[in-house]
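Student: I have a structure I would like to understand better, so I am pasting it below and will then ask my questions one at a time.
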Amino acid sequence: MKTHMSFATKDLDASVTFYHTLLGVEPAKQYKDYALFLIDDPGLELALSRDADAPAAGGAHYGIAVDSADFVRNMIRRLSQAGLPVDIELDETCCYAVQDKVWATDPDGRRWETYHVVAEANERDGSTETCCTSGATNCC
């Protein structure tokens, strides 16, 4: 089973570069107005379509749950080496779990988190985090 997602993007080339970095694979198909990423782990088909009128993404975010803190640290390195701005949260409590995560934003404003749950927690958020508060864009 795979999840299929399709995003409209104003700048297909920039989006292909972003998703190549985030997902670690080349697109399986790429044309002047379309690209398709096929990923086995996690099972994902991600289609990108050029649309000059694509609205800016808002509100929602997307996540990739991974099995180790090392994977998160490697993602931090990969995104940073590609020159992408990242938000890093290590050993922070969010949504009843202690997590390590890195956030990156695609060219159309879609926020992506790559995260590893370190442990379950009895509280929703830590005392200094803004996770899941009103207006937060980086919610679990």
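All of the numbers you see were taken from the coordinates with simple rules; none came from a lab. Computed from a predicted structure; not experimentally measured. Note that each Cβ is placed from the backbone with ideal geometry, even for glycine, and that neighbours are counted across all protein chains shown.
Student: Under 5 Å between amide H atoms, partner at least 5 residues away or on a different chain: which partners does TYR62 have, H built in plane at 1.01 Å?
Tutor: Answer set, sorted by chain and number: ARG111, TRP112, GLU113.
Student: Here is a further query. Please arrange LEU46, LEU90 by counting, for each residue, the other beta carbons lying within 10 Å of its beta carbon, fewest first.
Tutor: Values: LEU46 23, LEU90 15.
Least to most surrounded, the residues fall as LEU90, LEU46.
Student: Could you grab the relative contact order for the chain? Cα pairs under 8 Å, six or more apart, rounded to a whole percent. Let's see the in-between values first.
Tutor: On the way: 280 pairs, mean separation 30.6, N = 140.
Answer for the chain is 22 percent.
Student: Using just the C-alpha positions of region 1-51 as equal point scatterers, what log10 of I(q)/I(0) does the Debye formula give at each q in 0.13, 0.20, 0.24, 0.28 1/Å?
Tutor: Those come out to -0.25, -0.59, -0.84, -1.11, one per q.
Student: Evaluate 2.2 N^0.38 Å with N set to the residue count of region 60-127, then give the Cα radius of gyration divided by it. Intermediate results must be reported in sequence, preceding the final value.
Tutor: Numbers: Rg = 12.0 Å, N = 68, 2.2 N^0.38 = 10.9 Å.
In units of the globular-protein estimate, region 60-127 measures up at 1.10.
Student: Would you tally the net charge around SER80, using a Cβ to Cβ cut-off of less than 13 Å, leaving SER80 out, and scoring K and R as +1, D and E as -1?
Tutor: Working: positive: ARG73, ARG77, ARG78; negative: ASP87.
Once all neighbours under 13 Å are counted, the net charge is +2.
Student: Quick one: GLU92, GLU26, fewest Cβ neighbours within 10 Å first, how do they rank? It would help to have the intermediate numbers written out before the result.
Tutor: Values: GLU92 18, GLU26 12.
Arranged by neighbour count, lowest to highest, GLU92, GLU26 become GLU26, GLU92.
Student: Quick check: the angle from helix 12-23's long axis to the longest principal axis of the chain, C-alpha only, nearest 10 degrees?
Tutor: So the helix axis and the longest Cα principal axis differ by about 40 degrees.
Student: Please list, in chain and number order, the residues 5+ apart from ASP51 or on another chain whose amide H is under 5 Å from its amide H, with Hs placed from the backbone.
Tutor: Sorted by chain and number, the residues that satisfy this are THR9, LYS10.
Student: Could you tell me the calculated FRET efficiency between ALA60 and GLU123, based on Cβ-Cβ distance and R0 = 30 angstrom, to the nearest 0.05? It would help to have the intermediate numbers written out before the result.
Tutor: On the way: r = 24 Å, r/R0 = 0.82.
Between ALA60 and GLU123 the formula returns 0.75.
Student: I've got another one for you. Hey, what number do you get for the chain at 222 nm if only DSSP H runs of n ≥ 4 count, each worth -39500 (n - 2.57), divided across all residues, to the nearest 500? Don't skip to the answer; put the middle values down first.
Tutor: On the way: 2 runs with 25 residues, N = 140.
When only DSSP H runs of four or more count, the value is -5500 deg cm²/dmol.
Student: Using DSSP to call loops (not H, G, I, E or B), can you name the trypsin sites (Lys or Arg not before Pro) in region 1-77 whose Cβ has at most 13 other Cβ atoms within 10 angstrom? Spell out each step's value before the answer.
Tutor: Numbers: sites: LYS2, LYS10, LYS29, LYS32, ARG50, ARG73, ARG77; in loops: LYS2, LYS10, LYS32.
Taking region 1-77 and a limit of 13 other Cβ atoms within 10 Å, the loop trypsin sites (Lys or Arg not before Pro) found are LYS2, LYS32.
Student: Just the number, please: percent antiparallel of the DSSP beta bridges in the chain, rounded to the nearest 5. Walk me through the numbers on the way to the answer.
Tutor: On the way: 25 of 37 bridges.
Antiparallel bridges make up about 70 percent of those DSSP assigns within the chain.
Student: Taking the 0 to 90 degree range and rounding to the nearest ten, how far is the long axis of helix 69-81 tilted relative to the main principal axis of the chain, both from C-alpha atoms?
Tutor: Taking the Cα atoms of the chain, the angle to 69-81 is about 50 degrees.
Student: Ok, one more. Work out the length of the dipole vector of region 1-51 about its Cα centre, built from +1 on the beta-carbon of each Lys and Arg and -1 on the beta-carbon of each Asp and Glu, and round it to the nearest 20 debye.
Tutor: Values: 5 positive and 8 negative charges, 25 e Å.
Here the size comes out at about 120 debye.
Student: Between GLN81, GLN99, GLN30, which gets the highest mean-square fluctuation from a Gaussian network model of the chain, Cα cutoff 10 Å?
Tutor: GLN81
Student: Hey, with R₀ at 30 Å, roughly what FRET efficiency would VAL86 and LYS29 work out to, going by the Cβ-Cβ distance, to 0.05?
Tutor: Efficiency for this residue pair is about 0.60.
Student: Let me ask another. Cα to Cα, under 19 Å, and not fewer than 8 places away if on the same chain: which lysines meet these conditions relative to LYS32?
Tutor: Of all the lysines, those that pass the test against LYS32 - Cα under 19 Å, at least 8 places apart if same chain - are LYS10.
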